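Step one of this worksheet: look at the structure below.
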Amino acid sequence: MPISPYGVTKLAAENLCYLYWKNYGVPVVSFALLTVYGPRQRPDMAIHRFVHAILNEREIQIYGDGQQLRDFTFVSDVVDALILAAQSDSKGEVLNIEEGTR
């Protein structure tokens, strides 16, 4: 039950893709990419901000109590996963692309 506009629209898009697979045979797979980092990443993402702060000897801004956990995935691992998914027989699924560690 998502509570953000992003989450609601992402779930709606995944459901729409599933509908087209079930009703019309459109071979579709949806992906959930979890905190992708690497070369040319968005500057507003945590890894970029943390590294930039450390290199410039600035404090890292922490939100909340600092206890939250994330799974970070390197961009080349995402590319490998997408290629494997394209070569697989997966259809009508939502696949999480993640490193698997927190």
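The values are calculated or read from the model by the stated rules, or taken from the named source; none is laboratory data. Please read these numbers as outputs of a predicted model, since none were measured by experiment. Quick reminder, even Gly has a Cβ in these numbers, built from the backbone with ideal geometry, and neighbours come from all protein chains shown. Surface areas here come from the heavy atoms of the whole protein model, side chains and all, with no ligands, DNA or RNA. Shrake-Rupley method; radii C 1.70, N 1.55, O 1.52, S 1.80 Å.
A few notes on this one:
- Relative contact order of the stretch 49-102, pairs being alpha-carbon contacts under 8 Å that are 6 or more residues apart, as %: 42
- In this rough spin-label picture, where each label sits 7 Å from Cα along the Cβ direction, the residue 3-residue 45 distance is 2.6 nm.
- Placing unit charges on the Cβ atoms of the charged side chains and taking the dipole of the chain about its Cα centre, the candidate lying farthest along the positive direction among 92, 64, 9 is 9.
- Net charge dipole, the chain: roughly 280 debye, given to the nearest 20, about the Cα centre with Cβ charges of +1 for Lys and Arg and -1 for Asp and Glu.
- Scanning residues 5 or more positions from residue 36 or on other chains, those with amide H under 5 Å from its amide H are 73, with H placed 1.01 Å from N in the peptide plane.
- Less than 5 angstrom separates the built amide H of residue 29 from those of 92, all sequence-distant by 5 or more or on a different chain.
- The alpha carbon gyration tensor of the stretch 1-89 gives principal lengths a ≥ b ≥ c with a/c of 1.5 or higher and a/b no greater than b/c, which makes the shape oblate.
- Heavy-atom accessible surface of the stretch 1-84, averaged per residue, reaches 81 Å², computed with a 1.4 Å probe.
- Computed over the chain: relative contact order in percent, which uses C-alpha pairs under 8 Å that are six or more apart: 40
- Spin-label model distance (nm) - residue 32 vs residue 11, 7 Å beyond Cα toward Cβ: 1.1
- Within the stretch 1-69, GluC sites (Glu not before Pro) in DSSP loop having at most 16 other beta-carbon neighbours inside 10 Å: 57, 59
- Calculated from backbone phi, Karplus (6.51, -1.76, 1.60) coupling profile of the stretch 8-17 in Hz, x at Gly/Pro: 5, 6, 5, 4, 4, 5, 4, 5, 5, 4
- Integer Hz, Karplus 6.51/-1.76/1.60 couplings in order for the stretch 85-94, x for Gly and Pro: 5, 5, 8, 8, 9, 5, 8, x, 10, 10
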